[in-house]
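These notes concern the structure reproduced below.
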Amino acid sequence: MEIGAEEPHVFEVEPLNGESLSHFLGRFRRENYLTSSQLGKLTGLGAVILRWEKLYFNPFPTRQELEAMASVVRVDADRLTQMLSSKGVTMKPRPIRLCAACYAEQPCHRIEWQFKEKMKCDRHQLRLLTKCTNCETPFSIPADWVQGECPHCFLPFTTMAKRQKSR
Ligand SMILES: [Zn+2]
Ligand SMILES: [Zn+2]
């Protein structure tokens, strides 16, 4: 890919299948040793970055904002849009939900888990988790999922799959 003179050098991060923007931004920032506010400066989006990392997409990101992000993370704005939601689907930013069985297959937070009516994973027919199966601590925002474990007792997400109930 061609890198323009005034564009910052970045290590590119490949988006995962179904990955939420929050999880992607966390991975991108860690790969490039950037804080949220530094990414805010690079993109010119400021504190909007933090809102997106918290999965707050209201007001919905504009095309202009997504283009600004795209030029820094080097992922097409249309691809970024897929990490937000689908048209006509209401998002629910809290609680953060998890299908541990999905996470075991591909370690990322999927945007579809935050769709308002979504209570179970269609792929595994399991109820989505909203807190640690061991200590009941709610999950942190996906941008902060570094090791894929409970922020309090450090139980790995993949282990939680055993306690996930089919409905
Ligand atoms: Zn699943
Ligand atoms: Zn825990």
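The values are calculated or read from the model by the stated rules, or taken from the named source; none is laboratory data. Keep in mind the model is a prediction, meaning the values are calculated, not measured. Only protein heavy atoms, including side chains, enter the accessible area calculation; ligands, DNA and RNA are left aside. Shrake-Rupley method; radii C 1.70, N 1.55, O 1.52, S 1.80 Å.
Tabulated results
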| item | result |
| --- | --- |
| Quarter of Cα convex hull surface for segment 100-163, i.e. mean projection, nm² | 4.1 |
| Subset of K118/K162; K54/K162; K41/K162; K87/K165 violating a 31 Å alpha-carbon distance limit | K41/K162 |
| Most mobile of K54, K41, K131 in a GNM of the chain (Cα contacts under 10 Å) | K41 |
| Relative contact order of the chain, pairs being alpha-carbon contacts under 8 Å that are 6 or more residues apart, as % | 23 |
| Derived scalar couplings ³J(HN,Hα) [segment 56-68; Karplus, 6.51 cos²θ - 1.76 cosθ + 1.60; whole Hz; x for Gly, Pro] | 8, 10, 10, x, 5, x, 7, 4, 4, 5, 5, 5, 4 |
| Carbon and sulfur %, accessible surface of the chain computed with the full protein complex present, 1.4 Å | 51 |
| Radius of gyration and maximum dimension Dmax of segment 51-167, Cα, Å | 14.9, 43 |
| Accessible solvent surface per residue of the chain, calculated while the other protein chains remain in place, 1.4 angstrom probe, Å² | 54 |
| Global geometry of segment 21-82, whether rounded, prolate or oblate, following the gyration tensor of its Cα atoms and the 1.5 cut on a/c | rounded |
| Structure-based [θ]222 nm, the chain - -39500 (n - 2.57) summed over DSSP H runs of at least 4, per residue, nearest 500 | -8000 deg cm²/dmol |
